[in-house]
Structure formats: structure tokens, C-alpha cells
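Data first, discussion second: the structure below is written as C-alpha cells.
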Amino acid sequence: MPDRYQFRDVMISYSREDSEFVTWLDQSLQAHGKTTWVDHQSIPAGEDWWEEIKAGIESSRTVIFVMTSASVESKACCNEITHAAKHIESTIH
């Protein structure tokens, strides 16, 4: 089964400028038994980046949005949080 269909506890959305913190956060969550989805480790080479991000959001029980000035200004991060909100809305109706 392809990686994108494996369900995870947490998907982490962040700006590349916050990579060091996100690495720490990811490792901390895993140390506490949580399965995580982070783009730098979960997107296979050659795959469509945006489709993989959406799959990561949709296959996670929780999305953590690391809110910093860089992520708030990032179009990609805004797209991710918008997709997460729409996905949640579609699943509760």
C-alpha cells in the first residue's frame, strides 16, 4: 500500500524557515508514540507535491499548523490550512 494511504496521528504544516523546530517537534511526538506525517520525510521522489500534501492532511487525525510569521506569510502553508479546514468540514456533514 502506498505511503500516502497510511493513516497517521499528526500531520505537521510549517514554513521551511521553521524546519529546525519542526524536526524537534516531530521527534518529540514520535517519542511519545505518535505517528507523524511531515513533507520532508513523507513525499516520495517524483510525486506531485500538492497531491501528496493533501493526502497527508486527509490521512491524519490531527493537523498541527506551526504558526510563525513565516508560515502565516507562506502561500503554501495557507493552502494547506485551507485544505485541512475544508476536509474537516466535508467529513462532519
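Can you pull out the residues in the stretch 59-93 that are farther than 21 Å from Phe21 by Cα, among the aliphatic types (A, V, I, L, M) and without any contact (Cβ under 8 Å) to a residue 40 or more places away in the chain?
Within the stretch 59-93, Ala85, Ile88, Ile92 qualify.
Filter the stretch 1-21 down to residues that are open to solvent by 30 Å² or more (accessible area, probe 1.4 Å) and part of a loop (DSSP other than H, G, I, E, B) and give me whichever is modelled with the highest pLDDT.
Phe7
For Trp24, only one of the following conditions fails: (1) under 22 Å from Gln6 (Cα atoms); (2) out of contact with any His (no Cβ under 9 Å at 6 or more places or on another chain); (3) in a helix (DSSP H, G or I). What is its number?
Every listed condition holds for Trp24 apart from (1).
Can you name the residue in the stretch 68-86 that is within 13 Å of the chain's Cα centre (by Cα) and surrounded by fewer than 20 Cβ atoms within 10 Å (Cβ to Cβ) and, of all such residues, is farthest from Tyr14 (Cα to Cα)? Steps first, answer last, please.
We begin by selecting, within the stretch 68-86, every residue within 13 Å of the chain's Cα centre (by Cα); these are 71, 76-85.
Filter again for surrounded by fewer than 20 Cβ atoms within 10 Å (Cβ to Cβ), leaving 76, 78-79, 81-83, 85.
Details: Ala76: 9, Cys78: 10, Asn79: 11, Ile81: 10, Thr82: 13, His83: 14, Ala85: 16 Å.
Top of the filtered list is Ala85.
Given the conditions (1) under 22 Å from Asp18 (Cβ atoms); (2) touching a residue at least 40 places away in the same chain (Cβ under 8 Å); (3) exposed (fewer than 11 other Cβ atoms within 10 Å of the Cβ), and given that Pro44 satisfies all but one, which numbered condition is not satisfied?
Only one criterion is unmet by Pro44, namely (1).
The values are calculated or read from the model by the stated rules, or taken from the named source; none is laboratory data. Quick caveat: nothing in here was measured; it's all calculated off a predicted structure. For neighbour counting, all protein chains shown are included, and Cβ atoms are generated from backbone atoms with ideal geometry for every residue, glycine included. Note: accessible area is taken over every heavy atom of the protein model, side chains too, but ligands, DNA and RNA are not part of it. Shrake-Rupley method; radii C 1.70, N 1.55, O 1.52, S 1.80 Å.
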